[in-house]
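Enquirer: Have a look at the structure that comes next, please.
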Amino acid sequence: MHTQHTLEDIKVNLKLKLAALWASLMFLIIYLDYFHLYMPNMIDEIRTGIVFEFDITQGFLLIALIVVTIPALMIFLSVALPVTINRRVNIIIATMNIPCILFNLAGVAWAHMYVGAAVQVVLLCLIIRYAWKWPRVEI
């Protein structure tokens, strides 16, 4: 007697999918910033106190921290927020992040930056799509 087994396709909660997408986005943000340091003269520019066209000041670093803190917090908030707020916040924050991602292509942009930005935009679009199509239940 031969028994066949098939793999069980476990349904993943939408909140966990959103958190995983935000986590993936954060990994890309971190790695792209890290790889940026390998580009010629970038460390020298940082040492002179300039990033792209901006002076490295406390204000600049605070804004940079806020920009990356928001998607980092979305990993947790996607799991913790109540559904109606969760849906709106995911749509709004993901939509607001797309221009930020594209702004990073201003100035000198290498192929890895374009590919990274494209993947980040796809992840953000998936977040928007999943949140937009959040399943509804009859009450």
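The values are calculated or read from the model by the stated rules, or taken from the named source; none is laboratory data. Please read these numbers as outputs of a predicted model, since none were measured by experiment. Here the Cβ is made from the backbone with ideal geometry for all residues, glycine too, and neighbour counts use every protein chain on show. Ligands, DNA and RNA are stripped out before the accessible areas are found, and what is left, the full protein with its side chains, is counted by its heavy atoms. Shrake-Rupley method; radii C 1.70, N 1.55, O 1.52, S 1.80 Å.
Enquirer: If L105 meets every condition in (1) touching a residue at least 60 places away in the same chain (Cβ under 8 Å); (2) part of a loop (DSSP other than H, G, I, E, B); (3) closer than 24 Å to L32 by Cα apart from one, which number is that one?
Expert: The failed condition is (1).
Enquirer: Related question: Among the residues of segment 115-125, is any surrounded by fewer than 17 Cβ atoms within 10 Å (Cβ to Cβ) and either over 26 Å from Y38 (Cβ atoms) or touching a Pro at 6+ places or on another chain (Cβ under 6 Å) (or both)?
Expert: yes
Enquirer: Under the condition of being open to solvent by less than 100 Å² (accessible area, probe 1.4 Å), among the β-branched types (V, I, T) and part of a loop (DSSP other than H, G, I, E, B), which residue from segment 2-54 is farthest from V108 (Cα to Cα)?
Expert: Here the residue is T3.
Enquirer: Looking at I91, I139, which one is closer than 20 Å to L14 by Cα and not in a helix (DSSP H, G or I)?
Expert: Being closer than 20 Å to L14 by Cα and not in a helix (DSSP H, G or I) holds for just one of I91, I139, which is I139.
Enquirer: Could you list all residues from segment 76-102 that are hydrophobic (A, V, I, L, M, F, W, C) and closer than 28 Å to M39 by Cβ?
Expert: Answer for segment 76-102, where residues must be hydrophobic (A, V, I, L, M, F, W, C) and closer than 28 Å to M39 by Cβ: A94, M96, I98, C100, I101, L102.
Enquirer: Can you name the number of the only condition in (1) surrounded by 14 or more Cβ atoms within 10 Å (Cβ to Cβ); (2) free of Cβ contacts under 8 Å to residues at least 12 places away in the same chain that V89 fails?
Expert: Only one criterion in (1) surrounded by 14 or more Cβ atoms within 10 Å (Cβ to Cβ); (2) free of Cβ contacts under 8 Å to residues at least 12 places away in the same chain is unmet by V89, namely (2).
Enquirer: Taking only segment 55-71 into account, find how many residues are more than 20 Å from N97 (Cα to Cα), surrounded by fewer than 11 Cβ atoms within 10 Å (Cβ to Cβ) and β-branched (V, I, T).
Expert: The total comes to 1.
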